[in-house]
Amino acid sequence: MKKIIALISALFVLMFSFTAQAKYDMSNPYKLANEVAVNTISEIKVNKDKLSDNSVAEKIIQEQLLPYIDIKYAAYKVMGTSLKSLSKEDREKFTDAFEKYMKQSFVSVLSKYTNQEIVPSEVKDVPDSESLVSVKMIIRESGKQDLELVLKLRKNSKTGEWKAFDLIGENISMLDAKVSEISPIIKSQGVDAAIAKLNSMDK
(Lines give C-alpha, C1' and ligand atoms only; values in the text may rest on other atoms or scores of the structure.)
Protein backbone atom coordinates (compact mmCIF):
# COMPACT_ATOMS: atom_id res chain seq x y z
CA MET A 1 0.00 0.00 0.00
CA LYS A 2 2.86 2.36 0.79
CA LYS A 3 4.23 1.74 -2.68
CA ILE A 4 0.89 2.76 -4.19
CA ILE A 5 0.81 5.95 -2.15
CA ALA A 6 4.36 6.69 -3.21
CA LEU A 7 3.47 6.25 -6.86
CA ILE A 8 0.49 8.56 -6.74
CA SER A 9 2.41 11.00 -4.66
CA ALA A 10 4.65 11.07 -7.69
CA LEU A 11 1.65 11.88 -9.83
CA PHE A 12 1.01 14.82 -7.59
CA VAL A 13 4.36 16.42 -7.27
CA LEU A 14 5.62 15.27 -10.51
CA MET A 15 3.26 18.01 -11.71
CA PHE A 16 5.42 21.11 -10.51
CA SER A 17 7.21 23.62 -12.83
CA PHE A 18 7.40 26.99 -14.43
CA THR A 19 9.28 25.94 -17.58
CA ALA A 20 7.55 22.85 -18.96
CA GLN A 21 4.88 23.50 -21.57
CA ALA A 22 1.36 22.36 -20.74
CA LYS A 23 -0.38 20.14 -23.29
CA TYR A 24 -3.68 19.43 -21.54
CA ASP A 25 -6.78 21.55 -21.07
CA MET A 26 -6.39 23.20 -17.68
CA SER A 27 -9.84 24.80 -17.59
CA ASN A 28 -11.54 21.83 -15.86
CA PRO A 29 -9.84 20.22 -12.83
CA TYR A 30 -11.49 16.83 -13.32
CA LYS A 31 -10.44 16.52 -16.95
CA LEU A 32 -6.95 17.75 -16.13
CA ALA A 33 -6.43 15.35 -13.23
CA ASN A 34 -7.70 12.39 -15.28
CA GLU A 35 -5.61 13.17 -18.35
CA VAL A 36 -2.42 13.74 -16.41
CA ALA A 37 -2.83 10.63 -14.24
CA VAL A 38 -3.83 8.25 -17.05
CA ASN A 39 -1.17 9.45 -19.48
CA THR A 40 1.55 9.47 -16.84
CA ILE A 41 0.72 5.89 -15.85
CA SER A 42 0.84 4.89 -19.52
CA GLU A 43 4.22 6.56 -19.98
CA ILE A 44 5.60 4.85 -16.89
CA LYS A 45 4.44 1.44 -18.12
CA VAL A 46 6.05 1.92 -21.51
CA ASN A 47 9.34 2.82 -19.83
CA LYS A 48 9.17 0.71 -16.65
CA ASP A 49 12.25 -1.31 -17.59
CA LYS A 50 14.23 1.90 -18.00
CA LEU A 51 13.19 3.77 -14.87
CA SER A 52 16.39 2.92 -13.04
CA ASP A 53 17.98 5.47 -15.39
CA ASN A 54 17.34 8.82 -13.68
CA SER A 55 17.36 10.67 -17.00
CA VAL A 56 14.35 8.62 -18.18
CA ALA A 57 12.44 9.28 -14.97
CA GLU A 58 13.33 12.98 -15.09
CA LYS A 59 12.06 13.22 -18.66
CA ILE A 60 8.71 11.72 -17.68
CA ILE A 61 8.49 14.10 -14.74
CA GLN A 62 9.33 17.14 -16.83
CA GLU A 63 7.01 16.33 -19.73
CA GLN A 64 4.04 14.63 -18.11
CA LEU A 65 3.61 16.16 -14.67
CA LEU A 66 5.58 19.29 -13.93
CA PRO A 67 3.38 21.75 -15.81
CA TYR A 68 0.33 20.88 -13.72
CA ILE A 69 1.37 21.52 -10.13
CA ASP A 70 1.44 24.88 -8.42
CA ILE A 71 4.75 24.51 -6.60
CA LYS A 72 4.87 28.15 -5.57
CA TYR A 73 1.51 27.92 -3.84
CA ALA A 74 2.48 24.65 -2.13
CA ALA A 75 5.85 26.04 -1.03
CA TYR A 76 4.16 29.12 0.39
CA LYS A 77 1.76 26.91 2.34
CA VAL A 78 4.74 25.03 3.78
CA MET A 79 6.33 28.33 4.84
CA GLY A 80 3.07 29.01 6.69
CA THR A 81 2.87 31.91 9.11
CA SER A 82 6.56 32.66 8.56
CA LEU A 83 5.81 33.72 4.98
CA LYS A 84 5.04 37.36 5.75
CA SER A 85 8.24 37.86 7.73
CA LEU A 86 10.49 36.36 5.04
CA SER A 87 12.12 38.50 2.38
CA LYS A 88 11.34 38.00 -1.29
CA GLU A 89 14.80 36.50 -1.71
CA ASP A 90 14.23 33.98 1.10
CA ARG A 91 10.85 32.99 -0.34
CA GLU A 92 12.39 32.38 -3.73
CA LYS A 93 15.29 30.39 -2.23
CA PHE A 94 12.92 28.19 -0.29
CA THR A 95 10.61 27.65 -3.29
CA ASP A 96 13.58 26.65 -5.46
CA ALA A 97 14.80 24.19 -2.81
CA PHE A 98 11.30 22.79 -2.36
CA GLU A 99 10.94 22.22 -6.10
CA LYS A 100 14.33 20.47 -6.27
CA TYR A 101 13.43 18.27 -3.30
CA MET A 102 10.14 17.23 -4.88
CA LYS A 103 11.73 16.42 -8.22
CA GLN A 104 14.41 14.25 -6.67
CA SER A 105 11.92 12.49 -4.43
CA PHE A 106 9.77 11.43 -7.31
CA VAL A 107 12.59 10.36 -9.59
CA SER A 108 13.24 7.82 -6.83
CA VAL A 109 9.56 6.88 -6.63
CA LEU A 110 9.25 6.19 -10.35
CA SER A 111 12.05 3.64 -10.28
CA LYS A 112 9.95 1.52 -7.88
CA TYR A 113 6.81 1.45 -10.05
CA THR A 114 5.01 -1.90 -10.39
CA ASN A 115 1.68 -2.36 -12.23
CA GLN A 116 -1.01 -0.25 -10.62
CA GLU A 117 -4.02 0.91 -12.63
CA ILE A 118 -5.84 4.19 -12.15
CA VAL A 119 -9.61 4.57 -12.32
CA PRO A 120 -10.36 8.15 -13.43
CA SER A 121 -12.78 10.43 -11.64
CA GLU A 122 -16.19 11.36 -12.97
CA VAL A 123 -15.87 14.63 -14.90
CA LYS A 124 -18.05 17.41 -13.51
CA ASP A 125 -18.73 21.00 -14.45
CA VAL A 126 -17.26 23.50 -12.03
CA PRO A 127 -18.99 26.83 -11.29
CA ASP A 128 -16.90 29.90 -12.09
CA SER A 129 -17.12 30.91 -8.44
CA GLU A 130 -15.27 27.77 -7.32
CA SER A 131 -11.51 28.07 -6.82
CA LEU A 132 -10.74 24.84 -4.93
CA VAL A 133 -11.75 21.34 -6.04
CA SER A 134 -11.00 17.84 -4.72
CA VAL A 135 -10.82 15.12 -7.38
CA LYS A 136 -11.20 11.52 -6.17
CA MET A 137 -9.52 8.68 -8.05
CA ILE A 138 -9.05 4.97 -7.41
CA ILE A 139 -5.70 3.20 -7.58
CA ARG A 140 -6.17 -0.50 -8.36
CA GLU A 141 -3.63 -3.28 -8.05
CA SER A 142 -4.33 -6.98 -8.60
CA GLY A 143 -4.79 -8.87 -5.35
CA LYS A 144 -4.91 -5.72 -3.22
CA GLN A 145 -7.63 -3.47 -1.85
CA ASP A 146 -8.48 -0.41 -3.91
CA LEU A 147 -6.99 2.84 -2.66
CA GLU A 148 -8.89 6.13 -2.87
CA LEU A 149 -6.78 9.17 -3.56
CA VAL A 150 -7.91 12.77 -3.47
CA LEU A 151 -6.08 15.30 -5.60
CA LYS A 152 -6.68 18.89 -4.53
CA LEU A 153 -6.52 21.55 -7.22
CA ARG A 154 -6.66 25.33 -7.16
CA LYS A 155 -7.75 27.75 -9.87
CA ASN A 156 -5.47 30.68 -10.63
CA SER A 157 -7.66 33.78 -10.42
CA LYS A 158 -5.71 35.54 -13.16
CA THR A 159 -5.32 32.77 -15.77
CA GLY A 160 -8.34 30.61 -14.92
CA GLU A 161 -6.06 27.55 -15.07
CA TRP A 162 -6.25 24.75 -12.53
CA LYS A 163 -3.17 23.17 -10.94
CA ALA A 164 -2.68 20.58 -8.23
CA PHE A 165 -1.24 21.52 -4.85
CA ASP A 166 -1.96 18.57 -2.55
CA LEU A 167 -2.67 14.84 -2.57
CA ILE A 168 -4.45 12.87 0.15
CA GLY A 169 -4.00 9.10 0.44
CA GLU A 170 -5.29 7.02 3.37
CA ASN A 171 -6.41 10.30 4.94
CA ILE A 172 -2.84 11.61 4.91
CA SER A 173 -2.22 14.95 3.22
CA MET A 174 1.18 15.26 1.60
CA LEU A 175 1.11 19.03 2.00
CA ASP A 176 0.01 18.95 5.64
CA ALA A 177 2.77 16.43 6.40
CA LYS A 178 5.38 18.69 4.89
CA VAL A 179 3.97 21.74 6.69
CA SER A 180 4.25 19.89 10.02
CA GLU A 181 7.81 18.88 9.27
CA ILE A 182 9.31 22.01 7.74
CA SER A 183 7.32 24.99 9.02
CA PRO A 184 8.55 24.64 12.65
CA ILE A 185 12.15 24.61 11.41
CA ILE A 186 11.62 27.93 9.64
CA LYS A 187 10.12 29.42 12.79
CA SER A 188 12.77 28.18 15.19
CA GLN A 189 15.94 28.05 13.08
CA GLY A 190 15.27 30.17 10.01
CA VAL A 191 14.72 29.53 6.33
CA ASP A 192 18.32 28.47 5.63
CA ALA A 193 17.98 25.62 8.14
CA ALA A 194 14.74 24.54 6.47
CA ILE A 195 16.45 24.59 3.06
CA ALA A 196 19.33 22.52 4.45
CA LYS A 197 16.77 20.01 5.74
CA LEU A 198 15.13 19.77 2.30
CA ASN A 199 18.54 19.34 0.66
CA SER A 200 19.43 16.52 3.06
CA MET A 201 16.15 14.75 2.34
CA ASP A 202 16.74 14.41 -1.40
CA LYS A 203 20.09 12.62 -1.02
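A few notes on this one:
- Overall form of segment 60-203: oblate. Here a/c, set by the Cα gyration tensor axes a ≥ b ≥ c, is 1.5 or more, and a/b is not larger than b/c.
- For Lys59 and Asp176, the difference between the fully extended length at 0.36 nm per residue and the C-alpha to C-alpha distance is 39.3 nm.
- Sites Lys50 and Glu117 - FRET efficiency at Förster radius 22 Å, r taken between beta-carbons, to 0.05: 0.60
- Surface per residue (accessible, 1.4 Å probe) for segment 59-194, Å²: 53
- Accessible surface comparison of Lys136, Lys155, probe 1.4 Å, protein chains only, largest first: the order is Lys136, Lys155.
- 19 Å cut-off, amide nitrogen to a point 7 angstrom out along Ala193 Cα→Cβ, residues in segment 72-104: 78-87, 90-91, 93-95, 97-98
- Checking the Cα-Cα distances for Lys84/Lys158; Lys103/Lys136; Lys77/Lys197; Lys23/Lys100; Lys93/Lys178 against a 19 Å cut-off, the pairs over it are Lys84/Lys158; Lys103/Lys136; Lys23/Lys100.
The values are calculated or read from the model by the stated rules, or taken from the named source; none is laboratory data. What you see is a predicted model, and the numbers here were worked out from it, not measured in a lab. Every residue, glycine among them, receives a Cβ derived from its backbone with ideal geometry; neighbour counts consider all protein chains shown. Please note that ligands, DNA and RNA were not included when accessible areas were found on the heavy atoms of the full protein model with its side chains. Shrake-Rupley method; radii C 1.70, N 1.55, O 1.52, S 1.80 Å.
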